[in-house]
Amino acid sequence: MKLKNRLVEDLVFKSYLDEIMHNKKYLKMNRYLQHGNTTCLLHSIAVAYFSYRVCKFLKLKVREKELIRGALLHDYFLYDWHQKYKPTKDLGLHGRLHPTIALFNARKDYNVNKVEADIIVKHMFPLTFSPPKYKESVIVCLVDKFCGLYETFSKRAYFEIITKLATTKKERRIISRRINLYN
């Protein structure tokens, strides 16, 4: 029974992922490294997936769609922060500015509601001072920190999550192609 529930939950997650990933502009996130060797795209998918899994594991009642969409868009800033903000001169600037930039981009390309906006703009708390308003925002904020640490200190990537969500060989090839297209 648990395996069946997990498969259904993964299909729910995948449906929201597909809704966001249809946009070629979103896939450009794969061009930019976020932490370690992990791209912004894979980082955002991992944060969304693990936020969703945490909620399921803890049996939290959350707005699943908003949680997943907000997490997928939380780092939708679309630039190489390693180049734009030099560590010596602009220390911390990207960390404080990118949530606002990500929200601006998300609102341009997607219909973002108030919960999703709160997730995006407050995921860097306490660096950005304003605390999350919704439990979905708190979860994404915490999971983002854990994923960032994992990606910084681990050699492994999140590709296995994406391929696991693909139900057929054809889907795995398509996802693989989509990601490699934007490297």
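Rule-based calculations on the coordinates, nothing more; no lab input. All figures in this text were calculated on a predicted structure; none of them were measured in a lab. Cβ: placed from backbone, ideal geometry, glycine included. Neighbour counts: every protein chain shown.
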Query raised in the report: So what are the ³J(HN,Hα) numbers for region 53-58, from phi and the Karplus equation (6.51, -1.76, 1.60; θ = phi - 60°), rounded to whole Hz, Gly and Pro as x?
Result: 5, 4, 4, 5, 4, 7
Report summary line: Residues LEU149, LEU72, LEU33 in order from fewest to most other beta-carbon atoms within 10 Å are LEU149, LEU33, LEU72
**Report entry** Under-5 Å amide H pairs with THR39, H placed in peptide plane, nonlocal only
**Finding:** GLN34
Query raised in the report: Exposure proxy check: LYS135, LYS59, LYS25 ranked by fewest other beta carbons within 10 Å?
Result: LYS59, LYS25, LYS135
Query - Potential extension, ASP80-PHE153 segment - 0.36 nm per residue separation minus Cα distance - result: 24.3 nm
Query - Rounded to whole Hz, the Karplus (6.51, -1.76, 1.60) HN-Hα couplings of region 129-137, x for glycine and proline - result: 6, 7, x, x, 8, 10, 5, 4, 5
Report task. Starting with the fewest neighbours, write out ASP80, ASP144 ranked by other beta-carbon atoms found within 10 Å of each beta-carbon. Result -> ASP80, ASP144
Query - Charge context of ILE119, other residues only, Cβ under 15 angstrom, K/R +1, D/E -1 - result: +2
Report summary line: For region 119-126, in residue order, the Karplus 3J(HN,Hα) values (coefficients 6.51, -1.76, 1.60; θ = phi - 60°; whole Hz; Gly and Pro = x) are 4, 5, 7, 10, 5, 9, 4, x
Query raised in the report: Taking only pairs that are 8 or more places apart or on different chains, how many Lys pairs in region 1-50 have Cα atoms under 28 angstrom apart?
Result: 5
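Subtracting the Cα-Cα distance from 0.36 nm times the residue separation, let me have the gained length for ARG96 to PHE57 in nm, one decimal.
11.0 nm
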